[in-house]
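S.K.: My questions all concern the structure below.
The values are calculated or read from the model by the stated rules, or taken from the named source; none is laboratory data. Keep in mind it's a predicted model, so treat the numbers as computed, not measured. Reconstructed Cβ throughout: ideal geometry from the backbone, glycine too, with neighbour counts over all protein chains shown.
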Amino acid sequence: MTDAAEPLSETAAKRSKRPLLAGLLLMLLMAGAGFYAAHAGYLSGATERPPESGGQQGEGAEAMPDIAFVPIEPLVVSLGPDAGGRFLHFTAQLEVERKLAPDVSLLLPRIVDVLNGYLRAVETRQLADPSALVRLRSQMLRRIQLVTGDRVRDLLVSEFVIN
C-alpha cells in the first residue's frame, strides 16, 4: 500500500507546478502588454500619438495659448525688528489671458498692496526655508486671484532675495 501512495504524491506535485508557471508566464505577458500600451499612448484616450520630436515643431504641434505677462513692480519689504535690518527683494510677473491684461494692469496697485501686506506678515524663519517659496507662491497667487477675480492664471517669481 505504501508503494501505491508514493506515485500519486509525485504526480500531484508535478501537476501543481504547471498552473503556477502558466499563471506566472501569463502575468509577465500581460504586464509587458500593459507597459507597451501605456508607453505607446494607447491608454490616454487620444487618437493620435504625441510627436516624439524634442523641441521641433511639426505639423501636429499644439498652438501656444493666448497669454500675456503683466510685470509687478519690484517690491522691497522690511522683514521686521527680529530680522536685524534685513530686506526681501521680490519681483514677479502675472500670467493672464491676453485680453485680460489691461484689466489686471489696472488692478496692480491693489495687487502690490496685498503682496506687501502678506510678505510683511510672514516670519523671517519661514522665508529662509528652501521649500518655502512654493508655499509662499501659492499663498500669494490665491490672494492675487481674490483681488483680480480669478483673472490671473499663475504667478511667476523672478526674484526672491533676502538681503
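S.K.: In this structure, does His89 turn out to be surrounded by fewer than 10 Cβ atoms within 10 Å (Cβ to Cβ) and modelled with pLDDT of 75 or more?
M.R.: no
S.K.: Name the pairs: first residue in the stretch 81-100 and in the same structural domain as Thr124 (by TED's automatic domain parsing), second residue among the small types (Gly, Ala, Ser), Cβ to Cβ under 7 Å, at least 6 apart or on different chains?
M.R.: The qualifying pairs are Phe87/Ser78; Thr91/Ser158; Ala92/Ser158; Gln93/Ser158; Val96/Ala68; Arg98/Ala68.
S.K.: For the stretch 145-163, which positions are surrounded by 16 or more Cβ atoms within 10 Å (Cβ to Cβ) and within 14 Å of Ala101 (Cβ to Cβ)?
M.R.: Residues satisfying the conditions are Thr148, Arg151, Val152.
S.K.: In the stretch 138-161, is there at least one residue being touching a Gly at 6+ places or on another chain (Cβ under 9 Å), in contact (Cβ under 8 Å) with a residue 40 or more places away in the chain and not hydrophobic (A, V, I, L, M, F, W, C)? Write out each step before concluding.
M.R.: Within the stretch 138-161, the subset touching a Gly at 6+ places or on another chain (Cβ under 9 Å) is 143.
Okay, now just the ones that are also in contact (Cβ under 8 Å) with a residue 40 or more places away in the chain, so none.
Taking every residue of the stretch 138-161 in turn, none turns out to be touching a Gly at 6+ places or on another chain (Cβ under 9 Å), in contact (Cβ under 8 Å) with a residue 40 or more places away in the chain and not hydrophobic (A, V, I, L, M, F, W, C).
S.K.: Assuming Asp150 fulfils every condition listed in (1) at pLDDT below 95; (2) part of a helix (DSSP H, G or I) apart from one, which condition is it?
M.R.: Of (1) at pLDDT below 95; (2) part of a helix (DSSP H, G or I), only one is false for Asp150: (2).
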